[in-house]
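> Below you will find the structure I want to go over with you.
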2 protein chains.
Amino acid sequence: MKLNVPAIAAEQAQTRQQLLEAAGEVFAERGFRSATVREICQRAGANIAAVNYHFGDKEKLYLEVFRYSQQKELERFPQLRKSADLPPEKQLHAFISALLQRIFNKGDASWHGLLMLREMTEPTAALDFIVAEKIRPMSEHLWEIIAELLGCRVEDDRVPRCSFSVVSQCVFYCHSRAVVERLHPDQTFDQKSLDELAEHITKFSLAGLKPFRAVKK
Amino acid sequence: MKLNVPAIAAEQAQTRQQLLEAAGEVFAERGFRSATVREICQRAGANIAAVNYHFGDKEKLYLEVFRYSQQKELERFPQLRKSADLPPEKQLHAFISALLQRIFNKGDASWHGLLMLREMTEPTAALDFIVAEKIRPMSEHLWEIIAELLGCRVEDDRVPRCSFSVVSQCVFYCHSRAVVERLHPDQTFDQKSLDELAEHITKFSLAGLKPFRAVKK
DNA sequence: AGATAATTCAAACATTTGTTTGACACGTCA
DNA sequence: TGACGTGTCAAACAAATGTTTGAATTATCT
C-alpha cells in the first residue's frame, strides 16, 4: 500500500509529530489503558511499529505527549501573567477569563484539557510534571491577586482557601461537564457564554472575598 | 482448594453481593476497562466464571454496581432534604456540609465517589442513572435555597449559575484532589477540616450571592 | 433418600494488544 | 558504486483478558 508521490521528504520526518498529535487525541478519548497503539498509529498514518521505534514504548509516548502538549500550549497562550499595573479586581477578571479560555480551548488541540482531566482521577508521573510546570505557576499568580484583594500576606491561611473557591468555579465546567450537559442540555460554551461566565464568576468571587478581608491596620 | 468449614450457608448466597462490593472497589481503583474480572472474582473469593454466571457480562456487572451503590448510599444518608423551617442561610450551610460529608465519606464504601468521578471523564449509561436519581434531586433542593436567598423565582437565570458556584467549591476537592494534595501536601480531610471547609464555603458563598440579589419589590 | 435445579469450579477458547523481528526502501558519504 | 545509518513495513510473538464449557458440588423439594 504505497501512498501518492507528493510530500515525500516532508511527511517523512513528521512521523514523530503526527504520532504525538494522534496519541494526544486517542489518549484523551480513551484513556491511557484503553488507547491502543494500533489506533494511534493508524490515525497518524504510520506503521504499528512506529511507536516503539520513535518512543520506546507506549508509556514513554504518553509522557512525551504531555511535554508536547505543554510546549504547544505555551505557544498558544504565551502570557497570562504580569499585569501588576492593573487594579487587583481587573487582574482577577483577567485571570478567570484566561483560565476559562484555556479550559474551553476548542482549537487545534482540544485534547489538552481532557488529558489533564484523566490525570485527576488516575494520577501518573505526568501529573507531577503538570503541577510543577503549569498549575503551580498559575496558582502562585492567583495567590498574589487574592492576597492583594484580601489585604494580607501571600502566606496567610485564607489565601489558598479563597483561591480554591475561585478556581473551583472555573474548572467545574470542565470537570463536571458531563453532568452540566445533562442538567442543562441547552447550555453552550461559545465565546459569548464564556464571557458571561467569566463575568459571573468574577462578580461572585469579588463579593465572596469581602468577609475574608483583613481588618484595617 | 477448599475453604474452612464455618460460614457455609452464610457465604453461599452472598457471592453476588461480594462480587458487587469487590467490583465497586476494583472499578473505582482501575476504571472499567483496566479492571479485570479475574481480580474482581479473586477479591470476592469467587470463581472466574462467577461474574458471567451472576451478571451476564462485565458491563452488566458495572451497571449493577451503580444501582447497588445508590441503594447503599440511600441507607447511609437517608435525609438531606426538607428542613424548610430553618432560615435559608442555615439551610445552605447544612447543604454544603452534607455534600462534603458525602464526598469524603470514608466509610465502608469509599469507592462511590471515585466511581462517579470516573463517569465524569468517561460517561456511560451509568451517568444518566446517577444524574436522574442522585444529582438532580440534590440540585433542585439547592435551587430552592438559592432562589430564596436571591429573592427570586426558581426559574430565574441566576439560580443555576449561582448554584454551580456553590457546588463547584464542594466538588472541587474531590475532582482536583490529586492536584490539591500536590500543591498542599499537608492538607488533610478529617472531620475537623471538613467542618472548617464547610464554614469557609458557606461564608464565601453567602457573600458571593449578595450582588445577585433581586431588587426589592 | 432421590430427583431436580442452582451454583461453583478448573480448564480451555478466542480475541485483543504491546512489543519484537527481520526484510526492505531511501538518503548520505567515501 | 557500495557501505552504512535511518526509517518503514508486514508478520509474528507472547501475554492478558472476557467469555464459554462441561463436570463436580451443593441446595431444595418431594
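The values are calculated or read from the model by the stated rules, or taken from the named source; none is laboratory data. Small disclaimer: the values here were computed from a predicted structure and weren't measured. Counting neighbours? That spans all protein chains shown, and the Cβs are built from the backbone with ideal geometry, glycine included.
> Within 7 Å of chain B (Cβ to nearest Cβ), of a type in the set (A, V, I, L, M, F, W, C) and either over 24 Å from B:GLU155 (Cα atoms) or not in a helix (DSSP H, G or I) (or both): is that true of A:VAL179 in this structure?
Working: within 7 Å of chain B (Cβ to nearest Cβ): yes; of a type in the set (A, V, I, L, M, F, W, C): yes; either over 24 Å from B:GLU155 (Cα atoms) or not in a helix (DSSP H, G or I) (or both): no.
For A:VAL179, the condition - within 7 Å of chain B (Cβ to nearest Cβ), of a type in the set (A, V, I, L, M, F, W, C) and either over 24 Å from B:GLU155 (Cα atoms) or not in a helix (DSSP H, G or I) (or both) - is not met.
> Sort out which residues of region A:182-217 are among the small types (Gly, Ala, Ser) and either at the interface with chain B (Cβ under 8 Å from one of its Cβ atoms) or under 18 Å from B:ILE135 (Cβ atoms) (or both), and write them in order of number. Show your work before the answer.
At the first step, the residues of region A:182-217 found to be among the small types (Gly, Ala, Ser) are A:193, A:198, A:205, A:207-208, A:214.
Selection gives A:SER205, A:ALA207, A:GLY208.
> Could I ask something else about it? If A:PHE129 satisfies every condition in (1) under 22 Å from A:TYR68 (Cα atoms); (2) at the interface with chain B (Cβ under 10 Å from one of its Cβ atoms) but one, which is the exception?
The failed condition is (2).
> Condition (residue is without any contact (Cβ under 8 Å) to a residue 12 or more places away in the chain, under 30 Å from B:LEU61 (Cβ atoms) and not polar (S, T, N, Q)) applied to region B:153-171: is it met by at least one residue?
no
> Now for a different question. Can you work out which of the residues in region A:47-61 that are surrounded by fewer than 19 Cβ atoms within 10 Å (Cβ to Cβ) and more than 10 Å from DNA strand D (Cβ to nearest atom) is farthest from the other protein chains (Cβ to nearest Cβ)?
Filtering region A:47-61 for residues that are surrounded by fewer than 19 Cβ atoms within 10 Å (Cβ to Cβ) and more than 10 Å from DNA strand D (Cβ to nearest atom), the one farthest from the other protein chains (Cβ to nearest Cβ) comes out as A:GLY56.
> Right, something else. How many of the residues making up region A:21-46 are near DNA strand C (Cβ under 8 Å from one of its atoms) and surrounded by fewer than 19 Cβ atoms within 10 Å (Cβ to Cβ)?
5
> Considering A:LYS90, A:LYS72, which residue is within 30 Å of A:GLN14 (Cα to Cα) and not hydroxyl-bearing (Ser, Thr, Tyr)? Full working, then the answer.
Working: A:LYS90 fails: within 30 Å of A:GLN14 (Cα to Cα).
Being within 30 Å of A:GLN14 (Cα to Cα) and not hydroxyl-bearing (Ser, Thr, Tyr) holds for just one of A:LYS90, A:LYS72, which is A:LYS72.
> Quick check: is even one residue across region B:118-139 modelled with pLDDT of 95 or more and basic (Lys, Arg)?
Within region B:118-139, one or more residues are modelled with pLDDT of 95 or more and basic (Lys, Arg).
> Follow-up question, since we're still on this one. Can A:PRO123 be described as free of Cβ contacts under 8 Å to residues at least 12 places away in the same chain and at the interface with chain B (Cβ under 7 Å from one of its Cβ atoms)? Walk me through how you get there before you give the answer.
On the way: free of Cβ contacts under 8 Å to residues at least 12 places away in the same chain: yes; at the interface with chain B (Cβ under 7 Å from one of its Cβ atoms): yes.
Criteria met by A:PRO123.
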